[in-house]
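J.: I'd like to ask some things about the structure below.
The values are calculated or read from the model by the stated rules, or taken from the named source; none is laboratory data. All of these numbers come straight from a predicted model, not from anything done at the bench. Note that we place each Cβ from the backbone using ideal geometry, even for glycine, and neighbour counts take in every protein chain shown. We work out accessible area using only protein heavy atoms, side chains counted, and drop any ligands, DNA or RNA first. Shrake-Rupley method; radii C 1.70, N 1.55, O 1.52, S 1.80 Å.
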Amino acid sequence: MGWVVKQNLFLQSLVSFLLSILSSFAITSSIHWKSQRETLRSVSRTDYLTGIENRRILEEELAKRMKRKDNAFIYCFVDMDNFKEINDSYGHLSGDEILQQTTKRILSKLDSGDFLARVGGR
């Protein structure tokens, strides 16, 4: 009789242990995939260099704003003339720094409802 009780306790302990390992694995996997999804979503929406929204999100934002009848907006496109010459003369790191600083300066002048996106990129 004592042997049967010990065997049942052992089996119950083993099953509990295996279930706790499986549930830990499931929770860890769920957290990992949620984090990966959020990372992929962020990468697909933002410009890698400046951290602002990219062309795809700009197109979505413009479409959304054009559908609103009560909300007028202004669209401003800024082109940096001869920017290729900066990259060719001073290197891409210098060009990247200029783009990042330009983005920071523009962002500092925008109001809370304004939107900024980068269309260009490598």
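J.: Of the residues that sit in the range 56-83 and are within 21 Å of the chain's Cα centre (by Cα) and open to solvent by 50 Å² or more (accessible area, probe 1.4 Å), which one is farthest from Leu116 (Cα to Cα)?
T.: Lys64
J.: Another one. Kindly indicate the residue of the range 98-115 that is in a helix (DSSP H, G or I) and touching a helix residue (DSSP H, G or I) at 6+ places or on another chain (Cβ under 9 Å) and also surrounded by the most Cβ atoms within 10 Å (Cβ to Cβ) among those meeting that condition. Working first, answer last.
T.: Just the residues of the range 98-115 that are in a helix (DSSP H, G or I), to begin with: 98-109.
With the extra rule that they be touching a helix residue (DSSP H, G or I) at 6+ places or on another chain (Cβ under 9 Å), the set shrinks to 98-99.
Values: Ile98: 15, Leu99: 19.
By that ranking, first place goes to Leu99.
J.: Looking only at the range 30-43, decide whether some residue is surrounded by 10 or more Cβ atoms within 10 Å (Cβ to Cβ), under 30 Å from Gln101 (Cβ atoms), without any contact (Cβ under 8 Å) to a residue 40 or more places away in the chain and hydroxyl-bearing (Ser, Thr, Tyr).
T.: Taking the range 30-43 and keeping what is surrounded by 10 or more Cβ atoms within 10 Å (Cβ to Cβ), we get 30-43.
Now restrict to residues that are under 30 Å from Gln101 (Cβ atoms): 38-43.
Pick out the ones that are also without any contact (Cβ under 8 Å) to a residue 40 or more places away in the chain and you get 38-43.
Filter again for hydroxyl-bearing (Ser, Thr, Tyr), leaving 39, 42.
Scanning the range 30-43 turns up at least one residue that is surrounded by 10 or more Cβ atoms within 10 Å (Cβ to Cβ), under 30 Å from Gln101 (Cβ atoms), without any contact (Cβ under 8 Å) to a residue 40 or more places away in the chain and hydroxyl-bearing (Ser, Thr, Tyr).
J.: Condition test on Ile86, is it under 25 Å from Asp114 (Cα atoms), open to solvent by less than 60 Å² (accessible area, probe 1.4 Å) and part of a helix (DSSP H, G or I)?
T.: no
J.: If Tyr48 satisfies every condition in (1) open to solvent by 70 Å² or more (accessible area, probe 1.4 Å); (2) modelled with pLDDT of 80 or more; (3) assigned to a helix (DSSP H, G or I) but one, which is the exception?
T.: In the conditions (1) open to solvent by 70 Å² or more (accessible area, probe 1.4 Å); (2) modelled with pLDDT of 80 or more; (3) assigned to a helix (DSSP H, G or I), Tyr48 misses (3) alone.
J.: Quickly run through the range 99-117 and pick out the residues that are under 20 Å from the mean Cα position of the chain (by Cα) and over 21 Å from Ile86 (Cα atoms).
T.: Quick first cut of the range 99-117, residues under 20 Å from the mean Cα position of the chain (by Cα) only: 99-100, 103-104, 107, 114-117.
Within the range 99-117, Leu107, Asp114, Phe115, Leu116, Ala117 meet the criteria.
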